[in-house]
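I have a structure I would like to understand better, so I am pasting it below and will then ask my questions one at a time.
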Amino acid sequence: MPSQSNLLSTSVGTVLRPVKFSRGRLLWVSLPALALLLGGAAILWLTGNNPPFQGVDDAWYRTMLASRTPWLTDVNRVLNFVGNSGMVIYCSAVFLVLLRRHRRIALFLATANLAALGLTHLIKFLVARPRPEDRLVAVDSGSYPSGHVSGTVTAMLVTALILGRLWMWVSGSILSAAMIYSRTYLGAHWISDTIAGALLGIGLTLLIWTAFYTSRRRITNGRQTRNAHSLDPKNS
């Protein structure tokens, strides 16, 4: 009788339908996204954190301050947890489920999320952008880019890519948009920080997905070539 772990792995395998975009299409999205992210970081660094888009950030910040209500604050405090500890719990659980039978996909999930975390904090350290003053949550690092947004976008995009289901693309987009709103509502970030976080998550995840599937195709093609060679009567 099959064990529960084998049944779980089998059921997971039937759910997975990894998305197969062309390499060119993936790069067409990922590289411009990363270029915009790094361009924003360069502008902030060169202007001493007084960028030309600060007026837009200030206007959005004032709108968020004016819209605060007790119930909205409670909802956004929940999202504050979801975008940090919640994403760690979620990604860890998915990784463990995938690890037994789908190690390459589990490796992709871990690589994308850890790379996003590392790049986010590296840029935060280098840019050192101050956060808005009237914050409703505790923060401990630079403002650009938003780690909550980059982490959420990465986790949701990774899941959408490996599941290949429309409902995951829709729900992931909704949660990512909610996280962008939440970080600015709570005063934890400027709106440009959250956009940068989304660009980081999208660009880096798709770039890693490109490398992942390129290497997978090479391995598959190599196996097919060896099998065809071994079946050829001339080689008998």
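Looking only at region 134-165, which residues are under 22 Å from residue 68 (Cα atoms) and surrounded by fewer than 21 Cβ atoms within 10 Å (Cβ to Cβ)?
Once the filter is applied, which keeps residues that are under 22 Å from residue 68 (Cα atoms) and surrounded by fewer than 21 Cβ atoms within 10 Å (Cβ to Cβ), region 134-165 yields 134, 135, 136, 137, 138, 139.
Next question, about the same structure. Which one is modelled with the highest pLDDT, of the residues in region 5-34 that are part of a helix (DSSP H, G or I) and among the basic types (Lys, Arg)?
Among those residues, the one meeting the criterion is 25.
Moving to a separate point now. Looking at residue 120 and the list (1) polar (S, T, N, Q); (2) touching a residue at least 60 places away in the same chain (Cβ under 8 Å); (3) surrounded by fewer than 16 Cβ atoms within 10 Å (Cβ to Cβ), which single condition is not satisfied?
(3)
Here is a follow-up. Cβ-Cβ below 6 Å, separation at least six or inter-chain, first residue in region 162-180 and at positive phi, second among the charged types (D, E, K, R): which pairs?
164/17
Right, another one. Return a yes/no flag: does region 89-101 have any residue that is in a helix (DSSP H, G or I) and of a type in the set (D, E, K, R).
Among the residues of region 89-101, not one is in a helix (DSSP H, G or I) and of a type in the set (D, E, K, R), which makes the answer no.
Residues in region 61-115 that are over 20 Å from residue 193 (Cβ atoms), in contact with a Phe, Trp or Tyr (Cβ under 7 Å, 6 or more places away or on another chain) and crowded, with 18+ Cβ neighbours inside 10 Å: how many?
3
The values are calculated or read from the model by the stated rules, or taken from the named source; none is laboratory data. Treat the numbers as computed from the prediction; the structure is a model and nothing was measured. Note that we place each Cβ from the backbone using ideal geometry, even for glycine, and neighbour counts take in every protein chain shown.
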